[in-house]
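Note sheet for the following structure.
The values are calculated or read from the model by the stated rules, or taken from the named source; none is laboratory data. Small disclaimer: the values here were computed from a predicted structure and weren't measured. No Cβ is skipped: glycine too gets one built from the backbone with ideal geometry, and neighbour counts run over all protein chains shown. Side chains are part of the model used for accessible areas, which takes the heavy atoms of the whole protein and leaves out ligands, DNA and RNA. Shrake-Rupley method; radii C 1.70, N 1.55, O 1.52, S 1.80 Å.
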Amino acid sequence: MMAIIMAGAVGFFIGISIPSLHLNKINFSSSSLRQTFNVPIAEIDRYSADVYKALAVTNDSSGTKHTELLGSIKLPKIHVPTNPLGAETLPPGIVVSKSDFYLRRLWGEPSEDLKKKPKYLVTFTVGYDQRKNIDAAVKKFSDDFTILLFHYDGRTNEWDQFEWSKNVIHVSARKQTKWWYAKRFLHPDIVSAYEYIFIWDEDLGLEHFNGDKYINLVKEHGLEISQPGLLPNNRLTWEITKRRIDKKVHKATKEEPGWCSDPHLPPCAAFVEIMAPVFSREAWRCVWHMIQNDLVHGWGLDFNLRRCVEPAHEKIGVVDSQWIVHQFIPTLVSQVKMRCRSEWEEFQNRLINADKSYLTGLRRIVKA
């Protein structure tokens, strides 16, 4: 009897010490879904019943569901803090945070729109005067590549003379540079469907280049940031970007005395030029965030691409067996050249100040 009495007493005190259970909150504490919905169970049941009723109603003439009725149902209160910023009131299953440049039909089943999904993205910033060169360049890429043309002269309709033009993306904004376009139209979440992104100038000769072979070499040698080798000419070309006839790929070179403080640093290694860079999806996500909105020429990026891959001297390289020619079409007038140089200086100052600010804050944390 004493044991029974004691057990009852213990049970009573435990019972009153535990807060009452309110079934108005559902907690998901698994590693994949850590969020709290302040939704009463009754509200969930009500919503489920309303959905069932709406789906049960059919159109008398066509026999189809009255799907518009679903839009009039009172919605439960939802807040998912793990959703992308601004989308917290949406159920996670409907959130689509990334996109692509796949062209789709206006009819038929969406699931049947695409016969093939291109795996790589190639962009050229073009003017109509270079149409013949771009026509030759586009033909060097298979249907595994989506082609995107940025038009700086506003002329897009004229390109319809080329059959392939009907299957590429055209974006037009007058007198803008490729880095201006890249910052605004190549957000990492927009191009995430593509394994590699080419951001190229219009004045490149691709006679000795093949897109598929280039990709194969990039993958084989583990390059996250790359460019084709350049045929040496009388113009200024960095030593590391010059094509080597005895190699398929190279990642380092020897420069003039005093140019390189470390053989693993630019311009002796971890360096490609900005005329024809190719980025992996992961590297581009970093590089995009480094591009400044107001510095439109991209000068200085080449020396700092190494910030986005590690170890940079192994993951940045030049593909020699797929080489190109830089034709140097004169487009920069003296005023533009002056801005390019001032942008380079400004970009470097911003980077130095950002580095200092970060390291100073880090030092405070360590001392604390």
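Among the numbered conditions (1) among the hydrophobic types (A, V, I, L, M, F, W, C); (2) open to solvent by less than 50 Å² (accessible area, probe 1.4 Å); (3) at pLDDT 95 or above, the only one that LEU106 does not meet is (2).
Quick check on LEU90: is it open to solvent by 30 Å² or more (accessible area, probe 1.4 Å) and farther than 30 Å from ALA276 by Cα? Reasoning before the result, please.
Numbers: open to solvent by 30 Å² or more (accessible area, probe 1.4 Å): yes; farther than 30 Å from ALA276 by Cα: yes.
Criteria met by LEU90.
Residue count for segment 219-228, restricted to those that are within 20 Å of the chain's Cα centre (by Cα) and surrounded by fewer than 23 Cβ atoms within 10 Å (Cβ to Cβ): 2. The single condition among (1) among the acidic types (Asp, Glu); (2) more than 15 Å from the chain's Cα centre (by Cα); (3) over 20 Å from ASP201 (Cα atoms) that GLU273 does not meet is (3).
Which one of these is open to solvent by less than 70 Å² (accessible area, probe 1.4 Å), among the acidic types (Asp, Glu) and not in a loop (DSSP other than H, G, I, E, B): ASP212, ASP189?
Numbers: ASP189 fails: not in a loop (DSSP other than H, G, I, E, B).
Going through ASP212, ASP189 in turn, just one is open to solvent by less than 70 Å² (accessible area, probe 1.4 Å), among the acidic types (Asp, Glu) and not in a loop (DSSP other than H, G, I, E, B): ASP212.
Here's the yes/no breakdown for (1) open to solvent by 70 Å² or more (accessible area, probe 1.4 Å); (2) assigned to a helix (DSSP H, G or I):
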{"residue": "LYS117", "(1), (2)": "yes, no"}
{"residue": "THR123", "(1), (2)": "no, no"}
{"residue": "LYS132", "(1), (2)": "yes, yes"}
{"residue": "ALA137", "(1), (2)": "no, yes"}
{"residue": "SER142", "(1), (2)": "no, no"}
{"residue": "PHE150", "(1), (2)": "no, no"}
{"residue": "SER165", "(1), (2)": "no, yes"}
{"residue": "VAL171", "(1), (2)": "no, no"}
{"residue": "LYS175", "(1), (2)": "yes, no"}
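Do the conditions hold for THR331, that is, is it assigned by the TED database to the domain that holds VAL278, hydroxyl-bearing (Ser, Thr, Tyr) and either touching an Asp or Glu at 6+ places or on another chain (Cβ under 6 Å) or at pLDDT below 95 (or both)? Taking the combined requirement at face value, the residue satisfies it.
Among the residues of segment 255-311, which ones are in a helix (DSSP H, G or I) and touching a His at 6+ places or on another chain (Cβ under 7 Å)? Spell out how you get there, then give the answer.
Filtering segment 255-311 for residues in a helix (DSSP H, G or I) gives 281-290, 305-308.
Hit for segment 255-311 is TRP288, nothing else.
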